[in-house]
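Scroll down for the structure; my scribbles are underneath it.
Please treat every number below as a calculation from the coordinates, not as lab data. Keep in mind that this is a model prediction, so the values were computed, not measured. Counting neighbours? That spans all protein chains shown, and the Cβs are built from the backbone with ideal geometry, glycine included.
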There are 2 protein chains.
Amino acid sequence: MIMGQVKGVNLGGWLVLEKWMAPQLFAGTDAEDEYYLPQALSKDVYEARMMMHRANFITEADFLRIASLGINTVRLPVPYFIFGDRQPFLGGIDTLDNAFNWAEKYGLQILLDLHTAPGSQNGFDNGGLTGVVTWAQQPEEVDFELSVLTRLAERYGQRQGLYGIEALNEPATQRAFDMVSNRYQAKEPAMAANNQAISFEFLYEFYTRVYAALRPILADDKIIMFHDGFDLTKWADFFTAHEFKNVVMDTHHYLMLAELAIGGSSYENYEQAMAVIGDNIAKLDAVVPVVVGEWSLFNSMALGQDSQGGVNPTQAEFKDEKGDDRASEADLRQIYNRLWELQIKTWGNASVGYFYWSYKMNIDTVNDSAWYGWDSWSLDRAMNKQWATTL
Amino acid sequence: MIMGQVKGVNLGGWLVLEKWMAPQLFAGTDAEDEYYLPQALSKDVYEARMMMHRANFITEADFLRIASLGINTVRLPVPYFIFGDRQPFLGGIDTLDNAFNWAEKYGLQILLDLHTAPGSQNGFDNGGLTGVVTWAQQPEEVDFELSVLTRLAERYGQRQGLYGIEALNEPATQRAFDMVSNRYQAKEPAMAANNQAISFEFLYEFYTRVYAALRPILADDKIIMFHDGFDLTKWADFFTAHEFKNVVMDTHHYLMLAELAIGGSSYENYEQAMAVIGDNIAKLDAVVPVVVGEWSLFNSMALGQDSQGGVNPTQAEFKDEKGDDRASEADLRQIYNRLWELQIKTWGNASVGYFYWSYKMNIDTVNDSAWYGWDSWSLDRAMNKQWATTL
């Protein structure tokens, strides 16, 4: 493993659907997430939209573009049904095979991030089943998740284009679970009746099983990655107690959440929040190498109004309070440049590097003013607008 | 009109379909062109694919990207059914409205290029109805085409984002008609029974009617553009005889066609071909301002085999004769750089400027070796590969 070398970006919204990142895929339906989309459309139309989305949202040309930006690694969220064995969802392993060939052609590596689980591990819209957190309570689905990881390792474990495999994205431990419970409603409450926060004890055991399963399959230099369950302080003893080889701890940090925790958006608040996060990263990084697997420029200061932790126009009626009274292009660039640099400096404490969330957003900020400011989630746009500076 | 200022790119394959530019849209069908696609799919699936194509192939982010490349004008092919009055084809005027807002937001201007006609004006796949050339023989369809131009002028004629309107793309006069007749077969021969080359006399009259209809509607500074019917030498008298205001002659030049005319691909041949083309441009430009509305880097020298004038993998079984015996990346860059500079220099004789064909190709050159070399049609890729140099 080469440390401190990952300059990465997520390919969010492609193989794992997120309505806010590609709303046209959900047009004319009341589906809020990947789980309900096939129920909201006829089989033919569902398959047509999915085929077109996968063929268009990320293409060979994007791998070329990403490489030309100086990025060397992409974090690629994949759904639990990637192998096509969970009806009615469409498998996508052919698309993933193509992506590995693109990555190797253009000198990129892929971190496979298992982003969803049956019954959901977090209840986020990006977990595929909003408001439901029941995966960890179903032992057969925990085993299924492990089988997906094993099959991914068997298929890609020796490929030059593989950087590593991440066990599970953002499992909701208590703090995140409380936030989810307040913010997301299950469409069918019965499905959420058995909701529970995921315990760190569960994660310690699951990650140990994942390591034992994958390490013998993967080439020695491939990374096995674990998400921190939203708390970096719970992991030092775990990694000290095990002799893991080439493992990395993943931690996600968003300005929009720092605002909630620290109360309000100002440079001082962001700097204060980053100082705390940077300390926590540095402490754990002394025990196990850390990567910041998700972060973004998106923030309420540039937005000019409180994003309420990132409530977006597909989740709620968005009040366009500012109208034409927006920051100038020059002011916007200044804000984003400063917060870009602040974050990049902080991620310097994570010896492995970082992945921006995300490469692409297919929203229309010009014709739908509710999306004003949400284009900062796209690294492609942030580079073209000179909001992002050097990687 | 500001002369010599257009640094442009075409947005081909978006609102006018071309199978070779977006083959996934045609996946699983035997349709070769836009005309037969709705016949090959159920109504629901056709509409789903079209909605997803229009929402994904070109987006706000592409207008931003294009502007950030230093391009100031896009040539936007539109179909004759753009207003939604020709079933079963889907109108696209809402998408076009969005594009004008994007253009104005990012400081670009749009040249609206009426690219197809009922019955087809050229029989190319990009004319929407392969192998058929019957439009000009149907007076009511000639009138219809004029009505589309008039409605476009009424809708966008005062918009800052409008550069101008082009009357008709590539009408096939005798020489092009003979080439089409050899190369393209009508799927239903009866539809081609009345095929005829379009005469220059017809074009003189049609263009005069277009000018008379549009000039009073368009703002004074907006351009009315005419394609040369593949022969620059036929137009000096026409423009001398009329007192047109703010008109431009459009001429298209492809290396793959120069190869056919001059026999073989070598720097010497390309230079010789460009010298002749450059002379013809300069002569006509002394009478009427000229723009090179389509040109490309694509050529057989870089391809390493004869493209036969651009026969592509969706038109014929493509013989991948070279296999791994391809030019190195460095050699490719050298060829493309040299042919880029040769062409840009030649277009210097066209006082209005040029538009590359095209911005985007959604083909997969890595997983489908038949597409090797066809990515040079995409300016986005050519810039990221450093095949194209300064605009």
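Overview of results
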item	result
Prolate/oblate/rounded call for the range B:6-384, Cα gyration tensor, a/c under 1.5 rounded	rounded
Other protein chain Cβ atoms within 10 Å, averaged over every residue that makes up A:44-57	6
Cα centroid of the range A:140-167 to Cα centroid of the range A:321-390, whole Å	32 Å
Per-copy distances of the B:D331 label point, shortest first, in nm (7 angstrom along Cα→Cβ)	5.7
Among the listed pairs B:K19/B:K345; A:K222/A:K360; A:K105/A:K385; A:K105/B:K360, those beyond 23 Å (Cα-Cα)	B:K19/B:K345; A:K222/A:K360; A:K105/A:K385
Choice from A:P171, A:P23, A:P139 showing the highest fluctuation, given a GNM over chain A with Cα pairs closer than 10 Å	A:P139
7 Å along Cα→Cβ, label-point gaps from B:D306 to other copies, nm, shortest first	7.3
Pair B:D94, B:K43: separation of 7 Å Cα→Cβ label points (nm)	1.7 nm
Computed FRET value (nearest 0.05) for B:S369 with A:T208, which takes r as the C-beta separation and R₀ as 30 Å	0.10
Neighbouring partner chain Cβ atoms per residue of B:103-112, average, 10 Å criterion	1
Between the range B:262-303 and the range A:291-312, the alpha-carbon center distance in angstrom	50 Å
Using a 7 Å Cα-to-Cβ projection, B:Q174 label spacings across copies, nm, ascending	8.9
Shielding by partners - mean other protein chain Cβ count within 10 Å, residues of A:363-375	3
Segments A:84-91, B:294-301 sorted - mean Cβ within 10 Å per residue, highest first	B:294-301, A:84-91
Ellipticity estimate at 222 nm from DSSP helix runs (n ≥ 4, -39,500 (n - 2.57)) divided over chain A, nearest 500	-11500 deg cm²/dmol
Computed FRET value (nearest 0.05) for B:R86 with A:Q158, which takes r as the C-beta separation and R₀ as 60 Å	0.65
Cα gyration tensor category, rounded, prolate or oblate, for the protein assembly as shown with a/c compared to 1.5	prolate
FRET efficiency estimate (nearest 0.05) - Cβ-Cβ, A:S199 to B:D221, R0 51 angstrom	0.15
Interchain or long-range residues, amide H under 5 Å from A:D113's placed H	A:L76, A:V78, A:E166
